[in-house]
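Step one of this worksheet: look at the structure below.
The values are calculated or read from the model by the stated rules, or taken from the named source; none is laboratory data. Please read these numbers as outputs of a predicted model, since none were measured by experiment. Cβ placement follows ideal geometry from the backbone for every residue including glycine, while neighbour counts extend to all protein chains displayed. Surface areas here come from the heavy atoms of the whole protein model, side chains and all, with no ligands, DNA or RNA. Shrake-Rupley method; radii C 1.70, N 1.55, O 1.52, S 1.80 Å.
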Amino acid sequence: MALSAELARKETLDKDLEKFATVEEAAGVLSRGLVAPGLALLFIALASVVTSIYVVGQPGAVVIIAAAAVGGYMALNIGANDVANNVSAAVGARALTLGSALVMAAIFETAGALIAGGDVVETISKGIIDPALVADANTFIRLMLGALISSALWINLATWIGAPVSTTHSVVGGVLGAGVAAAGMASVDWSVMSAIAASWVISPLVGGAIAALFLFFIKSTIIYQDDKLTAARRWVPVLIAIMAGSFAAYLASKGLGRVVKLGGLTLAALGLGSTALFWVVSHRYVAWQSRGMDNRNQSLRKLFRLPLVISAALLSFAHGANDVANAVGPLAAIVSAAQGGGVEAKVGIPLWVMLIGALGISIGLILFGPKLIRMVGEQITKLNPMRAFCVALSAALTVIVASALGMPVSSTHIAVGAVFGVGFFREWYTANSPRRRAYLERKMARRRAEREASAGAIADVLADEADLDNGPSPPVSRDEITRRNLVRRAHVRTIVAAWVTTVPASALLAVGAFHLIGLVF
């Protein structure tokens, strides 16, 4: 009887301990989910404290401190959403791990913002609002603060639903809505807005078309050649050189442009010279790297991995130089108006303001970026180093050409459009390419000639062609390979819907924010 009571007590104790363990595990999961938001709030608070050190006792100090907090919040959201596009292709192709991609992007984003970020920014984004119609400093501050709040909220929402959106378009929408609330519809330059709206369509289509063209080139000249390695030694250095020359011209225009004004011919000469130089270097690199490789698609991956990693770093640097103004531009405009009492067409960006933007973007990327990196790099379509290289090269070339032509394109739309282009092209090419069919027939004929089983030969050829994971390829059905090649339409619909609604949604939020700020201040 005593033994039975003892066993009952032990069973009860075990059940209680299991309950405590379950509660502890649930609390741990919940607390992990609160770490990132907590660190984000800490950064926003630190941004406000640092700002107070610089502006305490000066005119408009309270407004500037509040604007710094919102600017830090905006920078966090840019890092969470926009920066993911620069490294997502490399992560999706497994050229970089997620952790190394986050660290690398954070370093190069910060470097790009601090080294090559703009010294001067337009106070009315993209010139869509006539500054002469917003001459009152208080109204102008409300306008910029409302635009900053609305664009940050919209980007936060887009990140939450898993949609990469243009932060530039978000700021434009915020300025548009707050400008209309402040000065009416007549204050808007609708020709500028039309050009921005056209970029919604132009950016992804051009990015997708260029990526598809390069993928077609790689498939035609390298992948579906009987001697892949010889073809790779001939053409991979050319592709690497094109990317190197493009980045050299772009980064020179962004970085050296702060020191000396470079003309179009000078930049073109620099780009061509860099292309020739890197062709020589990459020719030797590819020859060395390809020694002893098997004549398989799996081997080609290794030749594209290092260039892909370098391109992700350079894209991050260029993004930090170009888009940090989306976070700190409105903040710099508010600081200028609050301290000077007037509205200027362009203002300088103080170093402490630039630091808030640069660090906020990097912290936002590390805390919240993995969600968008996985979505763009892994969930839209299957990427390998060759396809990811096409995405990166398309993004670089499209942004460079658009910048030279003065077109207001979105780097986000270009990068994601390039992923779409690669995926949809693969669907079309797989179903319609005579070159691919002829190549597979030749390869399967050779396998049969070697007395391999027909079903095994077909599975091995298709697995190799589909660029599945490294190592021995398990039997894969045609239906499974086709399913993996398809672009996920649900993601396409979500992203396109977010793109279309970015400017109007930010504008509507800005109208409400503008009037709410008027009640508070």
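Points to keep in mind about this one:
- Scanning segment 117-159 for residues that are modelled with pLDDT of 75 or more, under 29 Å from L367 (Cα atoms) and open to solvent by 20 Å² or more (accessible area, probe 1.4 Å) gives I149, L153, W154, N156, L157.
- Within segment 411-428, the only residue that satisfies the criterion of being of a type in the set (V, I, T) and more than 12 Å from the chain's Cα centre (by Cα) is V422.
- Looking only at residues in segment 283-325 that are touching a Lys or Arg at 6+ places or on another chain (Cβ under 8 Å) and closer than 20 Å to A252 by Cα, the one that is most open to solvent (accessible area, probe 1.4 Å) is N322.
- Residue selected from segment 162-217 under the condition aliphatic (A, V, I, L, M) and in a loop (DSSP other than H, G, I, E, B), by the criterion surrounded by the fewest Cβ atoms within 10 Å (Cβ to Cβ): A163
- Of all residues making up segment 266-278, the number that are open to solvent by 30 Å² or more (accessible area, probe 1.4 Å) and touching a Gly at 6+ places or on another chain (Cβ under 9 Å): 7
- Test for N77: is it over 20 Å from A36 (Cα atoms) and touching a residue at least 12 places away in the same chain (Cβ under 8 Å): no
- Just so you know, in segment 70-94 the residues that are more than 16 Å from the chain's Cα centre (by Cα) and surrounded by 20 or more Cβ atoms within 10 Å (Cβ to Cβ) include one that is farthest from V416 (Cα to Cα), and it is V70.
- Residues in segment 484-511 that are farther than 22 Å from V422 by Cα and either in contact (Cβ under 8 Å) with a residue 40 or more places away in the chain or crowded, with 19+ Cβ neighbours inside 10 Å (or both): T502, V503, P504, A505, S506, A507, L508, L509, A510, V511.
- Test: residue in segment 250-264 that is open to solvent by less than 60 Å² (accessible area, probe 1.4 Å) and modelled with pLDDT of 90 or more: no
- Pick from segment 42-69, criterion under 27 Å from F317 (Cα atoms), among the β-branched types (V, I, T) and touching a residue at least 40 places away in the same chain (Cβ under 8 Å), ranking: surrounded by the most Cβ atoms within 10 Å (Cβ to Cβ): T51
- Residue within segment 332-349 that is within 28 Å of V91 (Cβ to Cβ) and open to solvent by 50 Å² or more (accessible area, probe 1.4 Å) present: no
- Screening segment 350-372 for residues that are of a type in the set (V, I, T) and at pLDDT 90 or above and picking the one that is most open to solvent (accessible area, probe 1.4 Å) gives I366.
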